[in-house]
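Every number here is computed from the coordinates shown, using simple stated rules; none is lab data. Just so you know, these numbers come straight off a predicted model, no measurement behind them. Cβ: placed from backbone, ideal geometry, glycine included. Neighbour counts: every protein chain shown.
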Amino acid sequence: MLELDQVRRSFGDRTALDGVSFGVAEGRLTGFVGANGAGKTTTMRIVLGVLAADSGEVRWDGRPLGDDVRRRFGYMPEERGLYPKMTVLAQLVYLARLHGVGRATARRRALEVLDRLGLGDRARDRLDSLSLGNQQRVQIAAALVHEPLVLVLDEPFSGLDPLAVDVVVAVLREQAAAGVPVLFSSHQLDVVERLCDDLVVIAEGTVRAAGTREELRARFARARWSVVVDDDAGWLRDEPGVTVVELDGPEALVELAPGVDDQAVLAAGLRRGPVRAFHPVLPRLAEIFDEVVR
């Protein structure tokens, strides 16, 4: 397990990280979200040893994280850092070799990961001949080619079309299923919500919320219910303690005030006729994010 414990980092008089603590468990996909400048990239660079923390500790399996373990990490920076004039295959083999992989094995792994990412037919093309989205996929391949112990990915979905996002999501799920801890940041909250097992929300250098997706949904849930009836659902406006958030004919999304019995609202609907649906609505990640960082 990868753990950060009270990590702090300042740049001059600006505090970038203030006591950041969270864990990334084996076989879990951990989404790391925050606004620009919140501290995501600084945190990832400290995990990778690119930056040093002013205080606090990064641990692997309970022990301080050292360079010997970091060499086995797979990292994808937000800024593209590959060689545009080299062929895709040549530079993936080169990067795998830097991680100590033998030449034949490096070539085999490079071709395998390119095939998995849908780029098998572009292996011998120069990087700068690829679209920006395909260059992003090569960046991801570079993080995977040496079969990393841990994956740390900074905005891996940037520039990808929906089909490419689906391919990358599937590859990351395969990595997690094999036991690899995966930490990734993204501004695409819909993708994070679909992919992550755990979630860390950071704002102004501090962790505002962390836990499983289900835990955070339960913690920040409002008493919202979806109601579907046969006729117009406008009668809900007259129910005590009920706020109609959305109304579209027979369908409504309502919010119940504290202490209001949801079964009483259901009974009121049944007195008017059939109720086709009546169920709680959990908050989406975007709603949780807005509430946490506000």
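Brief remarks follow.
- Under-5 Å amide H pairs with residue 76, H placed in peptide plane, nonlocal only: 152, 153, 154
- Each residue of segment 254-264 was assigned a 3J(HN,Hα) from its phi angle through the Karplus expression (A = 6.51, B = -1.76, C = 1.60, θ = phi - 60°), giving 10, 10, 9, 5, x, x, 7, 7, 4, 5, 5 Hz with x at Gly and Pro.
- Over segment 149-293: Rg over Rh, Cα atoms, Kirkwood Rh: 1.10
- Pairwise FRET efficiency - residue 161 versus residue 262, Cβ, R0 = 41 Å, nearest 0.05: 0.50
- In degrees, nearest ten, helix 162-177 long axis to first principal axis of the chain (Cα): 80
- Gap separating the Cα centres of segment 83-135 and segment 215-282, nearest whole Å: 53
- Electrostatic dipole magnitude of the chain [Cβ: Lys, Arg +1; Asp, Glu -1; Cα centre; debye, to 20]: 1500
- Short-range pairs are left out: with C-alpha atoms under 8 Å and at least six residues apart, the relative contact order of the chain is 20 percent.
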